[in-house]
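Notes follow once the structure below has been shown.
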Amino acid sequence: GAVVSQHPSRVICKSGTSVKIECRSLDFQATTMFWYRQFPKQSLMLMATSNEGSKATYEQGVEKDKFLINHASLTLSTLTVTSAHPEDSSFYICSASPAGAYEQYFGPGTRLTVT
Amino acid sequence: AQSVTQLGSHVSVSEGALVLLRCNYSSSVPPYLFWYVQYPNQGLQLLLKYTSAATLVKGINGFEAEFKKSETSFHLTKPSAHMSDAAEYFCAVSYPNQAGTALIFGKGTTLSVSS
């Protein structure tokens, strides 16, 4: 149980285009989902907290207009990287918490490369 | 401020040797604690969690951790390392009444296992 999927696993896009990443909780309802960014050999950097049906809460320094987050249902959150640039290239990971839970369950991650 | 410190960014052991990964937390209230493992280019997998029940927690893959309030520690151990244990390990913390909030992660420890 507690499986989280992410799609796509890898994406290559050209500079200036937008990319959407999906995060789904497959066997539980997630009132809260989280989006992280991870640089090589580093820990996870929290980008935003997404609550179903409301606006995401972004961490300081994360541009909300560049990283659009939508959490339209209890099983799906999306992250759209708008007007991507090479510096946006990174490993993006989502996680989800079942209602009332403290632990998070992570998706397998999405490797974004912007050329 | 709440924080998690993982002592040793890199730990190397021989196959069959004891694995000890250190995690200390800084908090004025007893936290909930977690260990996650990350294999290359994958998301994080929950190894075990402490949420104020038994202080010695057993997890998957033969790992266990002991919550020691007096030492503000939650070290991860495994009696006998396998080659497949080579990965990145993250300690994380949350707090009672903060279900659904982001975990605070340590910087991670890379475990290498040699034959």
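Derivation of every value follows stated rules applied to the coordinates shown; laboratory data play no part. These numbers were taken from a predicted model, which means no experiment stands behind them. Every residue, glycine as well, gets a Cβ built from its backbone with ideal geometry; the counts of neighbours run over all protein chains shown.
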Taking region B:1-67, how much of its Cα-Cα pair set, in percent, is spaced more than 13 angstrom apart? 72
Can you give the local net charge around B:E64? Use residues other than it whose beta-carbon is closer than 15 angstrom to its beta-carbon, Lys and Arg +1, Asp and Glu -1. +3
Compute the distance in nm between two label points, each set 7 Å from the Cα along the Cα-to-Cβ direction, one at B:V29 and one at A:S89. 4.4
So, in the protein assembly as shown, how many Lys pairs have Cα atoms under 14 Å apart, if the pair is 8 or more places apart or on different chains? 6
Of region B:32-75, those with amide N under 12 Å from the point 7 Å along the Cα→Cβ vector of A:Q42 are none
Set the Förster distance to 30 Å, then compute FRET efficiency between A:N51 and A:T82 from the Cβ-Cβ distance, nearest 0.05. 0.90
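Relative to the compact globular guide of 2.2 N^0.38 Å, what is the alpha carbon radius of gyration of chain B, as a ratio?
Details: Rg = 13.6 Å, N = 115, 2.2 N^0.38 = 13.4 Å.
My calculation over the Cα atoms of chain B gives 1.02.
Report, in debye and to the nearest 20, how large the dipole of chain B comes out about its Cα centre when Lys and Arg carry +1 and Asp and Glu carry -1 on their Cβ. Each step should come with its number before you reach the end.
Details: 7 positive and 6 negative charges, 47 e Å.
It works out to roughly 220 debye.
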What is the projected area of the convex hull of the Cα atoms of region A:1-96, averaged over all directions, in nm²? 6.1
Percent of C-alpha pairs per 5 Å bin, the protein assembly as shown, short to long: 1, 7, 14, 18, 18, 16, 12, 8, 4, 1, 0
Put +1 on the Cβ of every Lys and Arg and -1 on every Asp and Glu Cβ in the protein assembly as shown; which of B:C91, B:A17, A:A48 then has its Cα farthest towards the positive end of the dipole? A:A48
If amide H atoms are built 1.01 Å from N in the plane of the peptide, which residues on other chains or at least 5 residues away come under 5 Å of the amide H of A:S89? A:V114
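Assigning unit charges at the beta carbon (Lys, Arg +1; Asp, Glu -1) and nothing else, what dipole magnitude in debye, to the nearest 20, does the protein assembly as shown show about its Cα centre?
Values: 17 positive and 15 negative charges, 32 e Å.
That gives a dipole near 160 debye.
About the Cα centre, and with charges only on the beta carbon of Lys, Arg (+1) and Asp, Glu (-1), how big is the dipole of chain A? Nearest 20 debye, please.
Working: 10 positive and 9 negative charges, 62 e Å.
Magnitude of the dipole: close to 300 debye.
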Cα Rg over Rh - region A:69-115, Kirkwood: 1.05
Cut-off 17 Å (backbone N to label point 7 Å along Cα→Cβ of B:L18), residues of region B:82-97: B:82
